[in-house]
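The values are calculated or read from the model by the stated rules, or taken from the named source; none is laboratory data. Source: prediction; values computed, not measured. Neighbour counts run over all protein chains shown; Cβ positions are idealised from the backbone, glycine included. Surface areas here come from the heavy atoms of the whole protein model, side chains and all, with no ligands, DNA or RNA. Shrake-Rupley method; radii C 1.70, N 1.55, O 1.52, S 1.80 Å.
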Amino acid sequence: MEEKRKKVIVAMSGGVDSSVAAALLKKEGFDVVGVFMRFWGDGKCCTPESEKRARLVCEKLGIPFYVFNFQKEFKKKVVDYFSKQEKSGLTANPCVVCNKEIKFGLLFKKALSLDADYIATGHYAIYKDGRLYKGKDKDKDQSYFLWKLNQKVLKHVLFPVGNYTKPEIVKLAKKFKLPVSGIKESQDICFKVEFNKNPGEIIDTNKKIVGEHQGLWFYTIGQRKGIGLAGGPYYVLSKDVKKNILIVTKKEKDLYKKELLVKNV
């Protein structure tokens, strides 16, 4: 009697990494299903073009292709969280929340309901012996985006590209003849949120006014470029949310701290 093949649902973005992940899993003998997730109507990911590419990849590989609409959940869990954090003067990491709540939350539950044994993504990370490791390509490593995942989820997750470097993945895409060549990679947030301008003073460490900012949510602690001040370089040192003041410094060492407070570790 032939042993039943393990079923894996691959999160397909239409990009090189997830496409090669699907191809590698099929080559290994898994029962592979491609899934494209719609997150945001006006963004850089999940565009009609990327959905079309993901569909073409699945056709090329001869595997089923489905589209899941998570727009409503994505707005509530990721976009609204991001907006709230930024308006509070904090710098949010929406990818960490998206991975926990959407990709390895909603998709994970959906996969289990479809009798899948695993879900797989194109993340550059490695999971083995109950531990999450950096991917082989240290320049592309994405393990830090996955820190909120627990063992219950991780034991059902595969990271097929984790043991490869990006150049190796690009070569494999060509070898498998996948229709994903020449796609420009984006390192930016995949959605757009419009923040209103809220001008205020920019002061230095001597409390001297050196300029005007357009809204504290447009700046990140440690930021050097794009502050718009002459005579720099200046670094964003801190934000006074109550007074709507941006504090900057010319001394990079001012950014160094001997202690910090953390939560949600």
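A few remarks follow.
- With the whole protein complex present, R38 retains an accessible surface near 90 Å², based on a 1.4 Å probe.
- Considering only alpha-carbon pairs that sit under 8 angstrom and 6 or more positions apart, the relative contact order computed for the chain is 18 percent.
- Each of G200, F176, V161 was scored by the projection of its Cα onto the charge dipole of the range 139-216, and the greatest displacement toward the positive side belongs to F176; charges sit on the C-beta of Lys, Arg, Asp and Glu.
- The range 165-170 - phi-based ³J(HN,Hα) in whole Hz, Karplus 6.51/-1.76/1.60, Gly and Pro as x: 8, 4, x, 5, 5, 4
- The amide H of F191, built 1.01 Å from its N in the peptide plane, has K44 as neighbours under 5 Å, considering only residues 5 or more places off or on other chains.
- Tilt relative to the chain, helix 16-27 - C-alpha long axis, 0 to 90 degrees, to 10: 20 degrees
- Computed on the range 72-190, with alpha-carbon pairs under 8 angstrom and 6+ residues apart, the relative contact order is 22 percent.
- Annotation: amide H of K6 within the under-5 Å range of D31, sequence separation 5 or more or interchain, hydrogens built in the peptide plane.
- Scanning residues 5 or more positions from V67 or on other chains, those with amide H under 5 Å from its amide H are F36, with H placed 1.01 Å from N in the peptide plane.
- Residue order for I126, I169 - accessible surface, 1.4 angstrom probe, largest first: I126, I169
- Ranked order, E86, E49 - accessible area, probe 1.4 Å, largest first: E49, E86
- Considering only I189, I209, I227, the mean-square fluctuation computed in a Gaussian network model of the chain, springs between alpha carbons under 10 angstrom, is largest for I209.
- Largest accessible area first, the listed residues C190, C58 line up as C190, C58 when surface is computed with a 1.4 Å probe on the assembled protein chains.
- Taken one residue at a time, the phi angles of the range 140-151 give Karplus couplings (6.51, -1.76, 1.60, θ = phi - 60°) of 10, 3, 10, 4, 5, 7, 10, 5, 7, 7, 9, 5 Hz. Gly and Pro are set to x.
- Those aspartates and glutamates that a straight Cα-Cα span of less than 20 Å connects to K184, excepting residues fewer than 8 apart in one chain: D17, D42, E49, E51, D137, D139, D141, E168
- Projecting the Cα atoms of V67, I221, F191 onto the charge dipole of the chain, computed from C-beta unit charges around the Cα centre, puts I221 farthest toward the positive end.
- Residue-wise HN-Hα coupling along the range 175-184, computed from phi with Karplus coefficients 6.51, -1.76, 1.60 (Hz; x: Gly, Pro): 4, 7, 6, 7, x, 10, 6, x, 7, 7
- Of the peptides 67-78, 95-106, 130-141, the order by per-residue mean of other Cβ atoms within 10 Å, starting with the highest, comes out as 95-106, 67-78, 130-141.
- Pairs from K138/K208; K76/K166; K100/K136; K109/K136 whose Cα-Cα separation, in the structure shown, is over 31 Å: K138/K208; K76/K166
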